[in-house]
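Here is the structure we will look at.
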Amino acid sequence: MAKKLFIRTYGCQMNVYDSARMADVLAPLGYGPTDRVDDADMVILNTCHIREHAEDKVFSELGRLRLLKQERAAGGAGLVLAVAGCVAQAEGEEILARAPYVDIVLGPQTYHRLPEMVARASRAGQRVLDTDFPVEPKFDHLPGPSATGPAAFLSVQEGCDKFCTYCVVPYTRGAEYSRPVAPVIDEARRLAAQGVREITLLGQNVNGYHGEAPDGAGWGLGRLIRALADVDGLERIRYTTSHPRDMADDLVDAHRDVPQLMPFLHLPVQSGSDRILDQMNRQHTADDYRRLVDRLRRARPDLALSSDFIVGFPGETEAEFAETLRLIDDVGFAQAYSFKYSPRPGTPAAQMPNQLSEEIKEDRLARVQDRIGRQAEAFNRGCVGRRFDVLLDRPGRHPGQLIGRSPYMQSVFVTAPESMLNTVQCLEVVDAHPNSLAANLLSERACA
Ligand code: SAH
Ligand code: SF4
Ligand code: F3S
């Protein structure tokens, strides 16, 4: 009988990609997906360590799974419980000690070995901890991807050598690594052959990509994007997350030259204060960021930006915070994520003096979110009357309605025949809501 696998994913898109690949790895063992944890024979929590809150969620979820496992055991059945991802990498030993009912703890770089770990846990009843950074990259051992819709993630780069002083990623994901060009293009072709129309290239520092081409040359992300634009069936390309320091000319030019590259870029800046940026070890100034945005907009005038902000970094003064608000006003974002600074164990910023109070962080977060919220609303309103190619990727709540995503990642609602599901259609935006757009169908062809 087929066994059921339930995966809960926390954190970034990289984890979403990894969860899909873990499912691919376990499929040959007879595990099929379920979205009901109560039906599962195996549960994987794919965890995130980026902020304290993310980590807390994992331990409360583990508490619930302990009870589920006890119920199963009382009925004479088993449940394999695995903790994967960045909390597992950072705190593997602690999880095994604190949660004796967990069978497997594995880091983000070892999940190609899951079949072996599952065998050891279920047959031999052993507990397994595998948080190595193996020399052979996991990508060499993964089966082909299986698409689950018209949009897919494709991981091209992993790890980070930037060591921003607040961040755990360099410790949980390890050193920067770029996949070679050939397997990336092969994976894109396989996805396109399964009906994928949009791919998002992923990496913690995706624009630092420097993959080896078959002739031994090193390719940057711009070159890779140009090659992917030639893959049959792929109509849209995105990439995330970028670091402002790694925005090479060739990549900026790709925004001008490659129509498939969507005019929307997530480019985290974190702060508008040069002193705070320096304390964060971001290695650029606020004006460097402004100039970079200008370069990008010259290359692609309809480009819209999204960003990440951290408020309440140790020692951040009110005047320094005001510089962040000024940068937001200067640049104008279509959307952005903002976070209260969260001290993370083992990172330099956690040791800095002048840690700010929760009240100050709350207050600044509310002000940044208000500013960004108003920009996002204005951006959405500015879309009314525009024509967009929209990838219709899911049925709407009402019969006859489909939902898609715009080039700017907004949800777009339209009345359209079901036969248009999973296709790109030209729509005219007729109304804007805080989190979505309403549109009319124009024709069955693309806009441009
Ligand atoms: N590699 C990406 C994203 C890393 S994590 C980058 O360099 O931008 C995603 C976001 O989480 C970061 O951009 C940052 O805004 C936020 N973040 C990371 N560590 C944090 C911390 N300790 N406290 C609060 N926010 C944090
Ligand atoms: Fe973390 Fe900075 Fe690396 Fe992004 S660039 S993953 S914020 S250390
Ligand atoms: Fe979280 Fe790890 Fe991603 S810490 S944000 S899941 S790289």
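Percent of Cα-Cα pairs more than 17 Å apart in region 313-448, please.
Percentage above 17 Å: 66.
Over all directions, how big on average is the projection of the convex hull of the alpha-carbon atoms in the chain, in square nanometres?
Its average projected convex-hull area is 22.5 nm².
Under a point-charge model restricted to the Cβ atoms of Lys and Arg (+1) and Asp and Glu (-1), what is the dipole moment magnitude of region 182-245 relative to its Cα centre, in debye to the nearest 20?
Dipole magnitude for region 182-245 comes out near 260 debye.
Among bridges DSSP assigns within the chain, what percent are antiparallel (round to 5)?
35
Over the chain, with the other protein chains present, what is the accessible area per residue in square angstrom, probe 1.4 angstrom?
43
Quick check on region 1-142: take the gyration tensor over C-alpha atoms, sort the square-rooted eigenvalues as a ≥ b ≥ c, and tell me if it's rounded (a/c under 1.5), prolate or oblate.
Working: a/c = 1.41, a/b = 1.12, b/c = 1.25.
Cα axes put region 1-142 in the rounded bin.
Can you list the cysteines of the chain that have no other Cys Cβ under 4.7 Å away?
Taking the Cβ cut-off of 4.7 Å, the unpaired cysteines of the chain are C12, C48, C86, C160, C383.
Got a number for carbon plus sulfur as a percent of the chain's accessible area, 1.4 Å probe?
The nonpolar share, carbon plus sulfur, comes to 49 percent.
Need one number: nm distance between label points at E116 and R64, each 7 Å from Cα along Cα→Cβ, rounded to one decimal.
My value for the distance between the label points is 3.3 nm.
In debye to the nearest 20, how big a dipole does the chain give about its Cα centre with +1 on each Lys and Arg Cβ and -1 on each Asp and Glu Cβ?
With only Lys, Arg, Asp and Glu charged at Cβ, the dipole is about 760 debye.
Taking a ≥ b ≥ c as the square roots of the eigenvalues of the Cα gyration tensor of region 271-346, is the shape rounded (a/c under 1.5), prolate (a/b larger than b/c) or oblate? Could the numbers behind the result be given before it?
Working: a/c = 1.98, a/b = 1.83, b/c = 1.08.
Taking the square roots of the gyration eigenvalues as a ≥ b ≥ c, region 271-346 is prolate.
Using the Cα gyration tensor of region 198-309, with a ≥ b ≥ c the square roots of its eigenvalues, what is the shape: rounded (a/c below 1.5), prolate (a/b larger than b/c) or oblate (neither)?
Judged from the Cα gyration tensor, region 198-309 comes out prolate (a/c at least 1.5, a/b above b/c).
Exactly which GluC sites (Glu not before Pro) in region 372-448 are in a DSSP loop and have at most 15 other Cβ atoms within 10 Å? It would help to have the intermediate numbers written out before the result.
On the way: sites: E377, E418, E428, E444; in loops: E444.
Listed in order of number, the matching sites are E444.
Number of Lys pairs in the chain with C-alpha atoms less than 26 angstrom apart, excluding same-chain neighbours closer than eight positions?
Total qualifying Lys-Lys pairs in the chain comes to 12.
Using 0.36 nm times the number of residues separating D230 and R381, minus their current alpha carbon distance, what extension gain do you get?
51.0 nm
May I ask you to evaluate 6.51 cos²θ - 1.76 cosθ + 1.60, the Karplus curve with θ = phi - 60°, for each residue of region 370-383 and list the ³J(HN,Hα) values in order in whole Hz, giving x for glycine and proline?
5, 4, 5, x, 5, 5, 5, 5, 4, 4, 4, 4, x, 7
Give the span of region 243-397's Cα atoms along each principal axis, as three whole-Å numbers ordered largest to smallest.
Principal extents (largest minus smallest coordinate, Cα): 50, 41, 28 Å.
Tell me, which longest segment in the chain has none of the trypsin sites (Lys or Arg not before Pro) that fall in DSSP loops with at most 16 further Cβ atoms within 10 Å? Display every interim value, and only then the final one.
Values: sites that count: R36, R127, R386, R397, R445.
That would be 128-385.
Could you derive backbone 3J(HN,Hα) for region 15-31 from the dihedral phi with the Karplus parameters 6.51, -1.76 and 1.60 (θ = phi - 60°), listing whole Hz in sequence and x where the residue is Gly or Pro?
Each residue of region 15-31 in turn: 5, 4, 4, 4, 4, 5, 6, 5, 4, 4, 5, 8, 4, x, 7, x, 8 Hz.
Cut-off 10 angstrom, C-alpha nodes, Gaussian network model of the chain. Which of G85, G404, G32 fluctuates the most?
G32
Give me the net charge of R21's neighbourhood, meaning all other residues with Cβ under 11 Å from the Cβ of R21; Lys, Arg count +1, Asp, Glu -1.
-2
Of Q369, N380, V331, which is farthest on the positive side of the dipole of region 309-402, counting Cα position, with +1 on Lys and Arg Cβ, -1 on Asp and Glu Cβ, and the Cα centre as origin?
The Cα lying farthest towards the positive end belongs to N380.
Could you run the Karplus curve 6.51 cos²θ - 1.76 cosθ + 1.60 with θ = phi - 60° over region 437-443 and give me ³J(HN,Hα) per residue in whole Hz, x for Gly and Pro?
Ordered by residue, 3J(HN,Hα) equals 10, 10, 9, 10, 6, 9, 7 Hz.
Full extension from A175 to I360: what is 0.36 nm times the residue separation minus their Cα-Cα distance, to one decimal in nm?
Length difference between fully extended and current span is 63.2 nm.
Measuring from label point to label point, each 7 Å out along Cα→Cβ, what is the D215 to V37 span in nm?
5.3
Mind checking the dipole of region 363-448: about its Cα centre, +1 per Lys or Arg Cβ, -1 per Asp or Glu Cβ, Debye to the nearest 20?
I would put it at about 300 debye.
The values are calculated or read from the model by the stated rules, or taken from the named source; none is laboratory data. What you are looking at is a predicted structure, and each value in this text was computed from that prediction instead of being measured. Don't worry about glycine lacking a Cβ; one is built from the backbone with ideal geometry, like all the others, and counts go over all protein chains shown. We work out accessible area using only protein heavy atoms, side chains counted, and drop any ligands, DNA or RNA first. Shrake-Rupley method; radii C 1.70, N 1.55, O 1.52, S 1.80 Å.
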